[in-house]
Structures are given as C-alpha cells and as structure tokens.
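The block underneath contains the structure these notes are about, expressed in structure tokens.
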Amino acid sequence: MAASLCDAPPERQSSDRTGRIACASGRGAESHRTALAAVSLLEELPPGPELARAYANVAQQSVIVLDLPAAVTAGERAIALARGADDPATVAHAMMTVGQARLLSGDGAGEEMIRDGVRRARAI
C-alpha cells in the first residue's frame, strides 16, 4: 500500500488532487468525472490498492452527486479490491460510503454497514 498520495502512481496523484480541488470548490460533477477518469486509467494496470482507492473515491463522489446506485456498485468493487490488496483502510472507507448510500436510498441495513466500517477504521 502506498504510504501517501506522493507514493502513488503519477496518474493517481494528479487525478486525486484535481478531483479533491474540484469537490472542495463546489464543483461536484467535475470531481465525479475526475474520479471516473482515475478509475479508467488505473483499470489499464494490474489491480492493486490504488485501484481500490480510486473506486472508493468514485463511490464517495457518486454519493455527493446523489447517484446512489453507482455509489453502491463502485463501493462494493472498492471493498473487493481492497480486501484483495490487504488495504483495511480502504475497506473501512468504502464500507462507510456504501452504508451511507444504502441509508440514503432507504435501506436501513446501511446503518450497520456504516457502524462496521467505523469499527474497522478504529481497529487500524
């Protein structure tokens, strides 16, 4: 696992920074597109923790733009990839995001998923 964003591949560094800047400046749709572009770039490489984090970012950005089904799909992909890459922080992050998307969609089971993600994050 990369110790920091600076240790990630240059494509990931650039996409992640651009997306976070766009989101922080109130440009959620642009941030969402940037997150999707990062996944497209990283899909060209072998699966790893960077791809898991990119999918977790897509999930989070999908919640922001209220595309809740896409958030669940991307978050579940992030969880699977993060487990395979032994990246517990991304597992926890993605679980909380999927839980949030499910809860916002009216699925009460999302609350337990959020709690599980928080428990996992605290255990890291």
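The values are calculated or read from the model by the stated rules, or taken from the named source; none is laboratory data. The structure presented is a predicted model; accordingly, all values stated were derived computationally and were not measured. Cβ: placed from backbone, ideal geometry, glycine included. Neighbour counts: every protein chain shown. Areas reflect the complete protein model, heavy atoms only, side chains present, ligands, DNA and RNA absent. Shrake-Rupley method; radii C 1.70, N 1.55, O 1.52, S 1.80 Å.
Among R77, R119, which is of a type in the set (K, R), touching a Phe, Trp or Tyr at 6+ places or on another chain (Cβ under 7 Å) and open to solvent by 70 Å² or more (accessible area, probe 1.4 Å)? It would help to see each step written out before you state the result.
Values: R119 fails: touching a Phe, Trp or Tyr at 6+ places or on another chain (Cβ under 7 Å).
On inspection, the qualifying residue turns out to be R77.
Contact annotation: residue pairs with Cβ atoms under 7 Å, 6 or more positions apart or on different chains, pairing a residue in the range 85-102 that is farther than 12 Å from D116 by Cβ with a partner that is open to solvent by less than 30 Å² (accessible area, probe 1.4 Å) and part of a loop (DSSP other than H, G, I, E, B), are A85/G48. Is it the case that some residue within the range 102-109 is modelled with pLDDT of 95 or more, in a helix (DSSP H, G or I) and crowded, with 18+ Cβ neighbours inside 10 Å? Looking through the range 102-109, at least one residue is modelled with pLDDT of 95 or more, in a helix (DSSP H, G or I) and crowded, with 18+ Cβ neighbours inside 10 Å. For the range 34-65, filtering for residues that are outside any helix (DSSP H, G or I) and of a type in the set (F, W, Y) leaves 0. The single condition from (1) assigned to a helix (DSSP H, G or I); (2) more than 21 Å from A85 (Cβ to Cβ); (3) modelled with pLDDT under 70; (4) not hydrophobic (A, V, I, L, M, F, W, C) that G26 fails is (1).
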